Amino acid sequence: MNLVSARIITANVDRLVTFYEQLTQMPIVRYTPDFAEVRTKTATLAIGSTKTLQFFGGELVAQAAQNRSVIIEFMVENVEKDYERLADFLQPYLVQKPTIMPWGNNSLLFRDPDGNLVNLFTPVTPETINKFETNK
């Protein structure tokens, strides 16, 4: 089994597409007005409107802007440089400036416009660097 994608359901696809384009500096493919994806080397972050829920059984399946348990994580080359680049942009969303976590990552935590937690992190200890090098 291989995790390949996570999907955010939102009431405002345009707002999240703009946010994640600015954040990742990667192209986001808009397949329809209600569905977009940003593809990284290891996984895809999909953005779907609440209208797409009709294909999964209706609005009771998921609700936009209600996540309080999942963190979307992007491993970056240098979280300090990304923080410098994004500091003004992330100011209204910031939860925690770059901080070294006990498990060996330097972590920048913020929320996207829908309130989903997002973590940019860089492995900084030999153990975490090795863990991610061997998982490539």
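The table below lists the values:
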| quantity | calculated |
| --- | --- |
| Within the accessible area of the stretch 1-110 (1.4 Å probe), percent carbon and sulfur | 53 |
| Which of 132, 121 is most accessible, then next, and so on - probe 1.4 Å | 132, 121 |
| Selected from 53, 45, 108 as most flexible by GNM, with the chain as the system and alpha-carbon contacts under 10 Å | 53 |
| Solvent-accessible area of residue 34 with every protein chain in place, 1.4 Å probe, in Å² to the nearest 10 | 40 |
| For the chain: relative contact order, % (alpha-carbon pairs under 8 angstrom, 6 or more apart) | 21 |
| Distance between the stretch 73-103 and the stretch 14-41 - C-alpha centres, whole angstrom | 19 |
| Chymotrypsin sites (Phe, Trp or Tyr not before Pro) within the stretch 35-112: DSSP coil, no more than 16 neighbouring Cβ in 10 Å | 103 |
| Residues listed by number, the stretch 7-46, amide nitrogen under 13 Å from residue 61 label point at 7 Å toward C-beta | 7-10 |
| Over the stretch 25-72, relative contact order from alpha-carbon pairs under 8 Å, at least 6 apart, % | 22 |
| Per residue value of the accessible surface for the chain (all protein chains in place, 1.4 Å probe), Å² | 64 |
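The values are calculated or read from the model by the stated rules, or taken from the named source; none is laboratory data. A quick note: this is a predicted structure, and the numbers were derived from the prediction, not measured. Note that each Cβ is placed from the backbone with ideal geometry, even for glycine, and that neighbours are counted across all protein chains shown. Surface accessibility is based on the protein's heavy atoms, side chains included, excluding ligands, DNA and RNA. Shrake-Rupley method; radii C 1.70, N 1.55, O 1.52, S 1.80 Å.
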